[in-house]
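A.B. asks: Below is one structure. I have some questions about it.
The values are calculated or read from the model by the stated rules, or taken from the named source; none is laboratory data. Here the structure is a predicted model, which is why all the values come from computation and not from measurement. All Cβ positions, even for glycine, are placed from backbone atoms using ideal geometry, and neighbour counts span all protein chains on display. Accessible surface areas use protein heavy atoms only, side chains included; no ligands, DNA or RNA. Shrake-Rupley method; radii C 1.70, N 1.55, O 1.52, S 1.80 Å.
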Amino acid sequence: LDWKFISEAAHSHNISPLLYYNLKGLSNSSLIPATAMKDLKNVYHETTARNMFMYAELQTILDAFHSAGSEAIVLKGAALAGVVYPDIGLRPMLDIDLLVKEGELAVADKVMTGLDYSAVDSLYMENHFHLPPYRHVRKPAIVEIHWHFTGDSRSNVRKWWERAKAEDLMGYRILVPSPEDMLIHLSVHLFNHGYDNGFVLRGLCDIFEALRHYEAEIDWKLLQDEIREQGIEKQVHSILQLARKFYAPLDGSFIPINLDHADYRFLQVLEGSLFVDSGDAPINPHLLKSMMFDNFPKRITYLLSTIFPSRQQMAERYPASPSSMMMFFYYLVRPFHLLARYGKSAARIFRTGRNGRNDGEL
């Protein structure tokens, strides 16, 4: 085995602590070079120390919310590392994501500024479903305050609050999404953001651990009803199908997947991004997401809206104000910029075979 490659790949996939945790328990661990284990162990300890600091900061933030008469649901890494993973050092956490009620955004902003956090970029307000990221003026901490988990209006986030689950985190009570909402969120998040090979495998590990932790509690009928109501059956079934294929800790057959809703062409491309060289052409997320549309006109409409976004969005990408005449020039050159950056990966996507129901096609 090329352990230098393994260590570097684990680092690029953001799973070094998890790899160390599983390797150190092997009875035949003498086969693993000491230098490789030391490198993985160092990342594990660094992650543990970082997460301990972040959880201390999270407790301070949640106490401030409570004092202000408000609550927050802990999302993503902060909910995963301390609740569903068996060790808080196994899941790297770069920031803290919290969900608050939309009517309490002003309270959330007051809480964050009162704790010496300042908003990073006001442009996030227009195009996202969270406030601008808050960065602490002295500490290495970033917090994102969400009022929704997706921009789709069909998703009823009020139900998240009704189903939120209280969990113990190092002796402290926190609210996390219900097992069903957590799986939906993880699947949608991986679908929306998993086109960099540094996030796909970690995203699958997140789903693995959530399934392992909540296996006996998941209400699959509720999950199916929710994704049907939200119109995200293809996205969630596709991601869960990929998770089931790679699911090692338990028998993945208990995960009910409707194969008619799994898009195998999408899965071929996404799985391929797991094992490409880091120097390969990046995959454009909008191009891959367009594969989920059922008809050609909807796909073209979606792609055109991403190739030629609003002036405000263009101003975030190019050195010109929204009202500048130079914006017309950047609209002209943008398709060529996209072609230069994503042309090779686009060709790879279009060469991928059509949907099939044979697992061998994955």
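A.B. asks: Which pairs have Cβ atoms under 6 Å, sit 6 or more apart or on different chains, and link a residue in segment 180-198 that is under 19 Å from residue 9 (Cβ atoms) and open to solvent by less than 10 Å² (accessible area, probe 1.4 Å) to one that is at pLDDT below 85 and not basic (Lys, Arg)?
C.D. replies: Hits for this filter: 194/200.
A.B. asks: Same structure again: If residue 97 passes every condition in (1) in a helix (DSSP H, G or I); (2) touching a Lys or Arg at 6+ places or on another chain (Cβ under 6 Å); (3) open to solvent by less than 20 Å² (accessible area, probe 1.4 Å) but one, which one does it miss?
C.D. replies: (1)
A.B. asks: If you don't mind, another one. Pairs please, first residue from segment 42-68 and over 15 Å from residue 139 (Cα atoms), second anywhere and open to solvent by 70 Å² or more (accessible area, probe 1.4 Å) and among the acidic types (Asp, Glu), Cβ atoms under 6 Å, 6+ apart in sequence or on different chains.
C.D. replies: Correct list of pairs: empty, since none qualify.
A.B. asks: Answer yes if at least one residue in segment 324-347 is modelled with pLDDT of 85 or more, polar (S, T, N, Q) and open to solvent by 90 Å² or more (accessible area, probe 1.4 Å), and no otherwise.
C.D. replies: Here is the first cut: in segment 324-347, the ones modelled with pLDDT of 85 or more are 324-340.
The next check asks that each one be polar (S, T, N, Q); those that pass are 324.
Narrowing the set further to residues that are open to solvent by 90 Å² or more (accessible area, probe 1.4 Å) leaves none.
No.
A.B. asks: Let me ask something additional. Within segment 227-253, count every residue that is open to solvent by 50 Å² or more (accessible area, probe 1.4 Å), at pLDDT below 85 and not hydroxyl-bearing (Ser, Thr, Tyr).
C.D. replies: Here is the first cut: in segment 227-253, the ones open to solvent by 50 Å² or more (accessible area, probe 1.4 Å) are 228-229, 244-246, 248-251, 253.
Next cut, at pLDDT below 85 only: 244-246, 248-251, 253.
Of the ones still in play, those that are also not hydroxyl-bearing (Ser, Thr, Tyr) are 244-246, 248-251.
Residues in segment 227-253 being open to solvent by 50 Å² or more (accessible area, probe 1.4 Å), at pLDDT below 85 and not hydroxyl-bearing (Ser, Thr, Tyr): 7 in total.
A.B. asks: Do you know which residues across segment 292-347 are among the polar types (S, T, N, Q), closer than 24 Å to residue 192 by Cα and assigned to a loop (DSSP other than H, G, I, E, B)?
C.D. replies: Of the residues in segment 292-347, the ones among the polar types (S, T, N, Q) are 295, 301, 305-306, 310, 312-313, 321, 323-324, 345.
From what's left, closer than 24 Å to residue 192 by Cα: 295, 301, 305-306, 310, 312-313, 345.
Answer for segment 292-347, where residues must be among the polar types (S, T, N, Q), closer than 24 Å to residue 192 by Cα and assigned to a loop (DSSP other than H, G, I, E, B): 295, 310.
A.B. asks: Oh, and also: Could you list, in sequence order, all residues of segment 185-226 that are within 27 Å of residue 287 (Cβ to Cβ), of a type in the set (Val, Ile, Thr) and modelled with pLDDT of 90 or more?
C.D. replies: The one that is within 27 Å of residue 287 (Cβ to Cβ), of a type in the set (Val, Ile, Thr) and modelled with pLDDT of 90 or more: 207.
A.B. asks: A further question on this structure: Can you tell which of 15, 61 is on the phi < 0 side of the Ramachandran plot, buried (at least 18 other Cβ atoms within 10 Å of the Cβ) and in contact with a strand residue (DSSP E or B) (Cβ under 9 Å, 6 or more places away or on another chain)?
C.D. replies: Numbers: 15 fails: in contact with a strand residue (DSSP E or B) (Cβ under 9 Å, 6 or more places away or on another chain).
The unique qualifying residue is 61.
A.B. asks: Looking at segment 184-235 only, could you name the residues that are farther than 28 Å from residue 16 by Cβ and either touching a Cys at 6+ places or on another chain (Cβ under 6 Å) or of a type in the set (S, T, N, Q) (or both)?
C.D. replies: If the condition is that a residue be farther than 28 Å from residue 16 by Cβ and either touching a Cys at 6+ places or on another chain (Cβ under 6 Å) or of a type in the set (S, T, N, Q) (or both), then 224, 230, 235 are the ones that fit.
A.B. asks: Another one. Identify, please: which residue in segment 299-316 is of a type outside the set (S, T, N, Q) and free of Cβ contacts under 8 Å to residues at least 12 places away in the same chain and is, among those, surrounded by the fewest Cβ atoms within 10 Å (Cβ to Cβ)?
C.D. replies: Pass one, segment 299-316, residues of a type outside the set (S, T, N, Q): 299-300, 302-304, 307-309, 311, 314-316.
Filter once more, so that each one left must be free of Cβ contacts under 8 Å to residues at least 12 places away in the same chain: 299-300, 304, 309.
Numbers: 299: 16, 300: 12, 304: 10, 309: 16.
Among them, the one singled out is 304.
A.B. asks: Also: Without any contact (Cβ under 8 Å) to a residue 60 or more places away in the chain, aromatic (Phe, Trp, Tyr) and farther than 22 Å from residue 177 by Cα - does that describe any residue in segment 21-37? Talk me through it step by step, then tell me what you get.
C.D. replies: Of all residues in segment 21-37, those without any contact (Cβ under 8 Å) to a residue 60 or more places away in the chain come to 22-37.
Narrowing the set further to residues that are aromatic (Phe, Trp, Tyr) leaves none.
Checked against the condition, which is being without any contact (Cβ under 8 Å) to a residue 60 or more places away in the chain, aromatic (Phe, Trp, Tyr) and farther than 22 Å from residue 177 by Cα, segment 21-37 yields no hits at all.
A.B. asks: Which of the following residues is free of Cβ contacts under 8 Å to residues at least 24 places away in the same chain and either buried (at least 17 other Cβ atoms within 10 Å of the Cβ) or outside any helix (DSSP H, G or I) (or both): 77, 103, 82?
C.D. replies: Details: 103 fails: either buried (at least 17 other Cβ atoms within 10 Å of the Cβ) or outside any helix (DSSP H, G or I) (or both); 82 fails: free of Cβ contacts under 8 Å to residues at least 24 places away in the same chain.
Just a single option satisfies the conditions, and that option is 77.
A.B. asks: Open to solvent by less than 40 Å² (accessible area, probe 1.4 Å) and either in contact with a helix residue (DSSP H, G or I) (Cβ under 6 Å, 6 or more places away or on another chain) or on the phi > 0 side of the Ramachandran plot (or both): which single residue out of 92, 33 fits that description?
C.D. replies: Numbers: 33 fails: open to solvent by less than 40 Å² (accessible area, probe 1.4 Å).
None of the others qualify; the one that does is 92.
A.B. asks: So how many residues does segment 52-74 have that are in contact with a helix residue (DSSP H, G or I) (Cβ under 8 Å, 6 or more places away or on another chain), assigned to a helix (DSSP H, G or I) and among the aliphatic types (A, V, I, L, M)?
C.D. replies: The initial filter retains those residues of segment 52-74 that are in contact with a helix residue (DSSP H, G or I) (Cβ under 8 Å, 6 or more places away or on another chain), namely 54-55, 58, 61, 64-65, 68-74.
Filter again for assigned to a helix (DSSP H, G or I), leaving 54-55, 58, 61, 64-65.
Right, trim to among the aliphatic types (A, V, I, L, M) and you get 54, 58, 61, 64.
Summing the residues that are in contact with a helix residue (DSSP H, G or I) (Cβ under 8 Å, 6 or more places away or on another chain), assigned to a helix (DSSP H, G or I) and among the aliphatic types (A, V, I, L, M) in segment 52-74 gives 4.
A.B. asks: Return the residues of segment 263-291 that are outside any loop (DSSP other than H, G, I, E, B) and either open to solvent by 50 Å² or more (accessible area, probe 1.4 Å) or at pLDDT 80 or above (or both); say none if nothing qualifies. Walk me through how you get there before you give the answer.
C.D. replies: First, the residues of segment 263-291 that are outside any loop (DSSP other than H, G, I, E, B): 264-272, 285-290.
Listed by number, the residues that qualify are 268, 286.
A.B. asks: What number goes with the only condition from (1) more than 25 Å from residue 165 (Cβ to Cβ); (2) in contact with a Gly (Cβ under 6 Å, 6 or more places away or on another chain); (3) open to solvent by less than 10 Å² (accessible area, probe 1.4 Å) that residue 40 does not pass?
C.D. replies: Residue 40 satisfies all of (1) more than 25 Å from residue 165 (Cβ to Cβ); (2) in contact with a Gly (Cβ under 6 Å, 6 or more places away or on another chain); (3) open to solvent by less than 10 Å² (accessible area, probe 1.4 Å) except (2).
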